[in-house]
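S.K.: Below you will find the structure I want to go over with you.
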Amino acid sequence: MENRYKTTGKTARSILATLPMFLIIVVFSTQGNFAFADTAQALAWIVNTAFFTLIFFLMLYKGKTDRYRAIAFGTSAVLFAVGFMSNLIEIRGSINYDTTTIYNCDIPFCHIVTTMVIIPAAIKQTIIFSGSLSDGYASISSMLVIVFVAAVLLGRAFCSWGCFYGGWDDATSRIKSRPVIKRINQSFKYFSFAMLILMALWSAESLVPQYCNWLCPFKAVTEGEKIVDATTLIKNIIFYTLFIALCIVLPILTKKRIQCATFCPMGALLSLFNKINIFEVALDEDKCKKCNKCVSKCPLMAINKNHKPSMTCAKCGKCIDNCPSEALNYRIRGTSAKVSASTARIIFLHLAYSFMVIFLGSCAYGGLTTIFRLIF
């Protein structure tokens with residue numbers, strides 16, 4: 001009888017804590033527009049709302065963060081790609097861009113471009129991106145505001161809760177139960193900082209966002225440059241090769257998020273914001289048994305030899321879920337590790353998941369709408 005009362009109380013508390021998130025999901029998944037164009041769009045809203053609400057409830061009720069976050073994160077990445085490409089076809093008739101698209105400034109602004117536009121904007125007062133400054137889909141100004149807010153509020157947690165690309169290697173890194181390549185030099189994670197510096201300087205010198213121009217793996221699942229000559233052919237080969245290698249093959253073989261951990265300049269930039277972000281994953285050294293499970297499980301190789309999360313931690317919660325002694329927990333920076341971990345977790349989850357719903361929920365809604373229209 002006592003256990004039943006405890007279960008009932010836990011369920012009630014989880015439902016109550018989910019209600020504010022439910023309201024956020026209801027409103028922001030459609031950006032406040034409930035004038036559905038057709039049945040497919042209405043059905044997409046119902047499914048989207050139910051899905052994100054259930055995921056958040058399960059996080060609270062089951063006490064597992066990463067297990068359920070990964071489901072929403074990976075699903076959102078795929079649905080974003082579907083919705084994004086569908087939107088491009090509707091707007092301009094193709095997922096590929098060409099010189100006309102560039103001259104018309106019709107390319108949606110991607111958050112990764114932030115790493116390449118800062119120096120030219122500051123020094124030369126030039127925005128080196130062929131997108132709309134304030135109007136249209138994914139304008140430069142709106143995306144820069146979103147990136148800045150995410151950097152301050154979440155730090156590198158954006159890479160596990162808000163990035164519409166990160167779900168790809170997050171999902172593929174979970175396909176195999178055990179890694180084929182078991183030993184990886186953790187120093188590889190610092191290559192992303194080299195990429196950040198190289199791309200920022202190269203782009204500033206050439207006044208072209210060179211990561212987007214030559215090296216972005218996600219051109220394979222969003223928009224690619226139209227093949228009109230040998231150069232554009234080579235670019236597309238590079239895009240698809242990098243996507244297959246960094247987002248599919250290597251994550252499967254290593255169980256690590258190789259693209260995000262080693263190649264993405266945005267991840268490196270957001271790691272710097274981890275230094276000022278109020279949330280962190282903290283280690284209670286009194287509880288730690290030094291079993292190294294956290295080190296082996298971390299998908300970003302962000303836990304050092306002392307079992308403490310480093311500045312590259314994306315706060316995905318995988319180490320917390322897998323720690324047998326509950327030595328790792330979310331913490332509000334500046335407070336003791338002994339302060340209620342559950343309180344810090346609840347606050348962090350509401351903030352991080354709200355961002356996921358606002359930033360990715362509408363993308364998932366668009367993807368679902370596209371799928372349901374194809375079905376019905």
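S.K.: Of the residues LYS305, LYS318, LYS226, which exhibits the maximal mean-square fluctuation in a Gaussian network model of the chain defined by a 10 Å Cα contact cut-off?
M.R.: Looking only at LYS305, LYS318, LYS226, the biggest GNM fluctuation is shown by LYS305.
S.K.: For the chain, what is the mean residue ellipticity at 222 nm derived from helices alone (per DSSP H run of n ≥ 4: -39500 (n - 2.57); sum divided by total residues; nearest 500 deg cm²/dmol)?
M.R.: Helices in the chain give a 222 nm mean residue ellipticity of -17000 deg cm²/dmol.
S.K.: Please compute the modelled spin-label separation between LEU351 and LEU19, points set 7 Å along Cα→Cβ, answer in nm with one decimal.
M.R.: 2.4
S.K.: For the pair TYR190/ALA42, report the inter-label distance in nm, with labels modelled 7 Å from Cα in the Cβ direction.
M.R.: Roughly 5.9 nm, to one decimal.
S.K.: Let me ask something additional. Set the Förster radius R0 to 25 Å, insert the Cβ-Cβ distance between LYS64 and ILE118 as r into 1/(1 + (r/R0)^6), and round the FRET efficiency to 0.05.
M.R.: Once rounded, the FRET efficiency stands at 0.10.
S.K.: Once fully extended, how much extra length lies between SER296 and VAL228, figured as 0.36 nm per residue of separation less the alpha-carbon to alpha-carbon distance?
M.R.: Here the segment from SER296 to VAL228 would lengthen by 20.0 nm.
S.K.: So, one more: Would you list LEU269, LEU60 from fewest to most Cβ contacts within 10 Å?
M.R.: LEU269, LEU60
S.K.: Would you work out which of TYR330, GLY317, CYS288 lies farthest towards the positive end of the dipole of the chain, given +1 charges on the beta-carbon of Lys and Arg and -1 on that of Asp and Glu, about the Cα centre?
M.R.: About the Cα centre, the residue reaching furthest to the positive side is CYS288.
S.K.: In a shell of Cβ-Cβ distance under 14 Å around SER192, excluding SER192 itself, what net charge do Lys and Arg (+1) and Asp and Glu (-1) give?
M.R.: Combined, the nearby Lys, Arg, Asp and Glu give +3.
S.K.: Let me ask something additional. Number of Lys pairs in segment 109-251 with C-alpha atoms less than 30 angstrom apart, excluding same-chain neighbours closer than eight positions?
M.R.: Lysine pairs satisfying the spacing and distance rule in segment 109-251 number 10.
S.K.: Still on this structure: Taking K and R as +1 and D and E as -1, what net charge do the other residues with C-beta under 15 Å from the C-beta of LEU79 add up to?
M.R.: Net local charge, LEU79 excluded: 0.
S.K.: Antiparallel DSSP bridges in the chain: what percent, to the nearest 5?
M.R.: Approximately 75 percent, going by the DSSP bridge assignments.
S.K.: Okay, which of segment 30-49 sit inside 15 Å, backbone N to the point 7 Å along the Cα-Cβ direction of GLU90?
M.R.: Of the residues in segment 30-49, 30-45 have backbone N under 15 Å from the label point off GLU90.
S.K.: Using C-alpha positions alone, give me the convex hull volume of segment 2-375 per residue in cubic angstrom.
M.R.: Taking the convex hull of the Cα positions in segment 2-375, it is 156 Å³ per residue.
S.K.: State to the nearest 20 debye the size of the charge dipole of the chain about its Cα centre, where the only charges are +1 on K and R beta carbons and -1 on D and E beta carbons.
M.R.: I would put it at about 2020 debye.
S.K.: Please compute the length gained on full extension between ALA35 and LEU54, using 0.36 nm multiplied by the number of residues separating them and subtracting their Cα-Cα distance.
M.R.: Net length gain for the segment: 4.4 nm.
S.K.: Shifting gears a bit: Between ALA138 and LYS289, what is the label-to-label distance in nm when each label sits 7 Å out along the Cα-to-Cβ direction?
M.R.: The two pseudo-label positions are separated by 4.6 nm.
Rule-based calculations on the coordinates, nothing more; no lab input. Because the structure is predicted, anything quoted here is derived from the model rather than measured. Every residue, glycine among them, receives a Cβ derived from its backbone with ideal geometry; neighbour counts consider all protein chains shown.
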